[in-house]
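Here's the structure we're looking at; comments come further down.
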Amino acid sequence: MGHFLIDVFEEWRKEDVGKVFVQFFENTLGILAGQPSQMCFHSETCGQQMMLEHDGSLYSCDHYSYEDYKVGDIDVVDLGKVASSKTQIEFGTSKWTSLPKQCRECDFRPFL
């Protein structure tokens, strides 16, 4: 996977910067430049990108559409309250707090 990403990055760098936007690469470059991550994937915490299913079910994250992470139904919840609720905040911070010390201290952690 690493070799694939390097090959794609090199092609993008040569031909497509400013024309084709690759969120993963742009976000990684932003982090290297000292900017905060624009993606949950690269962030210490998450929970700001909730998911709405076709039936109106609302989940804590687009990667966790399981009943345990359902926070309500769009037609009966106040989205602002759900997004700032204790449950949603705990979901987002658990990404960081559940990491072992070795991972939290890893130089490469911001990019994984």
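The values are calculated or read from the model by the stated rules, or taken from the named source; none is laboratory data. What you are looking at is a predicted structure, and each value in this text was computed from that prediction instead of being measured. Positions of Cβ are generated from backbone atoms using ideal geometry, with glycine treated the same way; all protein chains shown enter the neighbour counts. These accessible areas exclude ligands, DNA and RNA; they are computed on the full protein's heavy atoms, side chains included. Shrake-Rupley method; radii C 1.70, N 1.55, O 1.52, S 1.80 Å.
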**Message:** Which count do you get for residues in the range 18-29 that are touching a helix residue (DSSP H, G or I) at 6+ places or on another chain (Cβ under 9 Å) and free of Cβ contacts under 8 Å to residues at least 40 places away in the same chain?
**Reply:** 5
**Request:** Kindly indicate the residue of the range 25-45 that is of a type outside the set (Gly, Ala, Ser), open to solvent by less than 70 Å² (accessible area, probe 1.4 Å) and modelled with pLDDT of 85 or more and also farthest from MET1 (Cα to Cα) among those meeting that condition.
**Result:** ILE31
**Prompt:** Can you name every residue in the range 52-74 that is over 20 Å from MET39 (Cβ atoms), out of contact with any Leu (no Cβ under 8 Å at 6 or more places or on another chain) and surrounded by 11 or more Cβ atoms within 10 Å (Cβ to Cβ)?
**Reply:** GLU53, GLY56, SER57
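Would you mind finding the one in VAL82, VAL8, VAL77, VAL17 that is of a type in the set (A, V, I, L, M) and open to solvent by 80 Å² or more (accessible area, probe 1.4 Å)? Write out each step before concluding.
Working: VAL82 fails: open to solvent by 80 Å² or more (accessible area, probe 1.4 Å); VAL8 fails: open to solvent by 80 Å² or more (accessible area, probe 1.4 Å); VAL77 fails: open to solvent by 80 Å² or more (accessible area, probe 1.4 Å).
Exactly one of VAL82, VAL8, VAL77, VAL17 is of a type in the set (A, V, I, L, M) and open to solvent by 80 Å² or more (accessible area, probe 1.4 Å), namely VAL17.
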